Amino acid sequence: MWKGRFLQQPSQLLQEYTESVSYDWRLYKQDIEGSLAHAEALTVAGILTSEELSLIKKGLFEIREEIDRGTFSFQKHLEDVHMNIEAELTRRIGPTGAKLHTARSRNDQVALDLRLYLREAIVKFSRLVAGLQRSLVGLAFRYPEVCIPGYTHLQRAQPILLAHHLLAYVEMFARDIGRLKDCAARMDELPLGSGAIAGSTIVLDREQMARQLGFSRVTQNSMDAVSDRDFACELLAALAILGMHLSRLSEDIILWVSEEFGFLELSDRHTTGSSLMPQKKNPDIAELTRGKTGRLYGNLFSLLTTLKGLPMTYNRDLQEDKEAVFDSLDTAELAVSVFTEMLEAASVREDRAAEAVSDPLLLATDLADYLVLKGMPFRQAHEVVGRIVAEAERLRILLNQMSLEQLRSISPIFEADVSSVFDLRKAMESRRAPGAPAPSNLEQRLKYWEEILEKDAQAHLH
Ligand code: ARG
């Protein structure tokens, strides 16, 4: 493509080192879509005749079909997807093909292709995340009344509804989808027309190209447009944060399926065995998801580091953006898909949950609240209950086995109604403030998510 200036052939090693077509071939649809819009603009500008435009279109359609079918052979010595397609077009249609690159550089071309690719990938991926949310809501719906201990510091804290725990993740994933949408909105501008760095003396109708390619606006600085990849960083950051959430859910699942917790059972289809220990049933999906979060973080850091200190404008370093982005998208897509399937087939061990949540220590805070409602300042109530907990421990009895006399010997405020504090159902119903896990709140929030996610699914069907 640049043979005019060179007297020697490129070295074999240089070709191997600089090629990107082995992975950027994935941009072929976007590359062709961009070329079609560019060719239309060249025609309006009088650079191409309408016959030449038809020839280019026909050639590009054919090439696209062959790549779709897998019969197109990409050549590494042609570096990247852009040159492969252009070279093949010219081979097929002759000199007209050689006009396509007028007023365009691979610098604005790749900035366009990546934006087009990511825009579509974000829509597809957000749908998968909504599916994951649906699987969490579905699990909550199947066990709306199950309570388990909630933990802080991984120590039993207070009773919660399992559904409340699951919906916490639904909220997190909703924010993840929000971040993906924000990032898509910011990358919604057309870089085409920026050329290599300084636009072109041949002026194309950028607004029209933007409309044709479905962008809301055009970039306003050609140097910025060809040299920044902040939009890719944003996507990698959104995926890294989502991975962080998913790794926490993974950890909860790994704990819950252990015999020590025993709250959850995964289906045989979503667990693996041990080649040595016949009894084992391992939560490998959750472990791998926890592990793959490292790649999602790594890809973000890899791109940020690549971009750090790059002088304006395009530098070949930028070619390193694509593998990070493809790998994070592939990793996150598969993780979210397999997780969804695993949760759809999971079941709750209600007996184990009931046993664990029957621990009356989980209601020690409620006991302090009882004293507060009888007029005692909270700090004092906290201390009184602390003494009762220590006393029960010393006597080797459960907190709710302390007799009224024993309680009154620590604080005379206790009355016979204290026994109702240990009624789990009442305890849950009392937590009525918005966001707290009272069953009535949960019911509302479950309905809310069911409606939102149903609407979302409908919207994607049409
Ligand atoms: N393959 C290149 C990339 O991914 C395309 C742009 C190359 N531009 C150039 N002037 N070498 O960034």
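Structure values in brief
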quantity: Cα-based equivalent ellipsoid, segment 100-178: semi-axes from gyration tensor eigenvalues, Å; calculated: 45, 14, 6
quantity: Segment 3-99: chymotrypsin sites (Phe, Trp or Tyr not before Pro) falling in loop per DSSP and having at most 10 other Cβ within 10 Å; calculated: F6
quantity: Surface/4 of the Cα convex hull for the chain, nm²; calculated: 30.5
quantity: Global form of segment 409-451, assessed from the alpha-carbon gyration tensor, a/c cut-off 1.5; calculated: prolate
quantity: V44-A196 FRET efficiency (beta carbon distance; Förster radius 25 Å; 0.05 resolution); calculated: 0.70
quantity: DSSP H segments from the chain that extend 27 Å or more along their own axis, Cα-based, with Kyte-Doolittle mean of -0.5 or above; calculated: 106-142, 162-186, 230-257, 284-307, 321-344
quantity: Contact order normalised by residue count of segment 4-75, Cα under 8 Å, 6+ apart, percent; calculated: 31
quantity: Simple spin-label estimate for D423 and D205 in nanometres, 7 Å along Cα-Cβ; calculated: 7.5
quantity: Label-point gap, in nm, between R142 and V372 - each point 7 angstrom along Cα→Cβ; calculated: 3.7
quantity: Pairwise FRET efficiency - S440 versus A98, Cβ, R0 = 45 Å, nearest 0.05; calculated: 0.05
quantity: Separation in nanometres of the label points that stand 7 Å from Cα toward Cβ, at E251 and K181; calculated: 2.9
quantity: Cα-Cα over 24 Å, subset of K57/K99; K3/K99; K57/K322; K29/K57; K29/K181; calculated: K57/K322
quantity: D359/S337 FRET efficiency (R0 30 Å; Cβ-Cβ; nearest 0.05); calculated: 0.25
quantity: Built amide H within the under 5 Å cut-off of T272, gap 5+; calculated: N282, D284
quantity: Relative contact order of segment 366-462, pairs being alpha-carbon contacts under 8 Å that are 6 or more residues apart, as %; calculated: 18
quantity: Within-15-Å neighbourhood charge of L398 [Cβ basis; K, R +1; D, E -1]; calculated: -3
quantity: Relative contact order, percent, the chain [alpha-carbon distance under 8 Å, six or more residues apart]; calculated: 15
quantity: Tail beyond 21 Å, pair distance distribution of segment 328-459 (Cα, percent); calculated: 59
quantity: Contour excess over end-to-end distance, with Cα ends at S22 and L398 and 0.36 nm allotted per residue; calculated: 128.8 nm
quantity: Within the chain, longest stretch free of exposed GluC sites (Glu not before Pro) [DSSP loop, at most 15 other beta carbons within 10 Å]; calculated: 261-414
quantity: Ellipsoid semi-axes in whole angstrom, largest first, where each is sqrt(5λ) of the Cα gyration tensor of segment 211-319; calculated: 44, 16, 11
quantity: Extension gain from K3 to E120, taking 0.36 nm per residue of separation minus the Cα-Cα distance; calculated: 38.5 nm
quantity: Hits among aspartates and glutamates - C-alpha to C-alpha of K426 under 12 Å, sequence gap 8 or more where chains match; calculated: D366
quantity: Neighbour net charge for E19 - beta-carbon separation under 15 angstrom, K R +1, D E -1; calculated: -1
quantity: Helix-derived mean residue ellipticity, 222 nm - over the chain, DSSP H n ≥ 4, -39500 (n - 2.57), to 500; calculated: -20500 deg cm²/dmol
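Every number here is computed from the coordinates shown, using simple stated rules; none is lab data. Remember, it's a predicted structure, so these values are computed and weren't measured experimentally. Don't worry about glycine lacking a Cβ; one is built from the backbone with ideal geometry, like all the others, and counts go over all protein chains shown.
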